[in-house]
Amino acid sequence: MLAAFAIDYIAFPDHNPRVFTHRTDDPVEAEDFLMYLLGTGARIKEIRHDALALSGHQFDKMLKVAASRIAAQMLRQSLGLDAVKVKDRFGFAS
């Protein structure tokens with residue numbers, strides 16, 4: 001059985017064009033992995049759900065959620081705020 005989500009990425013885009021694939025059945029884990037890829041500067045090539053490539057809008061939406069979670073996490077750590085204050089002040093849900 002295929003995993004629900006498959007994320008194709010290039011770990012070191014400046015040094016090696018090899019494409020890796022991360023597979024998971026958990027949508028939250030897929031978001032967490034996208035957060036990791038964004039934080040490390042990896043090149044995200046494609047996201048598939050149930051073996052079908054996400055449309056541009058769906059792809060962008062998943063990345064936007066991951067980027068928002070990263071921003072919220074950074075604000076919480078840097079400013080010493082809790083999740084509610086980050087949501088109230090900056091609009092990022094944690």
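At-a-glance table
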quantity: Cβ-derived FRET efficiency at R0 25 Å, E29 paired with A71, nearest 0.05; calculated: 0.80
quantity: Positive-end extreme of charge dipole, the chain - chosen from L63, A3, P17 (charges on Cβ); calculated: L63
quantity: Folded to 0 to 90 degrees: helix 27-40 orientation relative to the chain principal axis, Cα; calculated: 80
quantity: Note, ³J(HN,Hα) from phi for the stretch 43-49, Karplus 6.51, -1.76, 1.60, rounded to Hz, x at Gly and Pro; calculated: 8, 8, 8, 7, 10, 10, 10
quantity: Charge sum, other residues only, whose C-beta stays under 14 Å from L81's C-beta, Lys/Arg counted +1 and Asp/Glu -1; calculated: +2
quantity: Those trypsin sites (Lys or Arg not before Pro) in the chain that DSSP places in a loop and that have at most 13 other beta carbons within 10 Å; calculated: R18
quantity: Calculated log10 I(q)/I(0) by the Debye sum over Cα atoms at q = 0.10 Å⁻¹ (choose from (1) -0.44; (2) -0.39; (3) -0.31), label; calculated: (3)
quantity: With Cα atoms, 0 to 90° folded angle of helix 56-79 axis to the chain main axis; calculated: 40
quantity: Estimated dipole of the chain in Debye, rounded to 20 [Cβ of Lys and Arg +1, of Asp and Glu -1, Cα centre]; calculated: 300
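A short reminder: the numbers here are calculations on the coordinates, not readings from a lab. Computed from a predicted structure; not experimentally measured. Here Cβ is always computed from backbone atoms with ideal geometry, including for glycine, and neighbour counts include all displayed protein chains.
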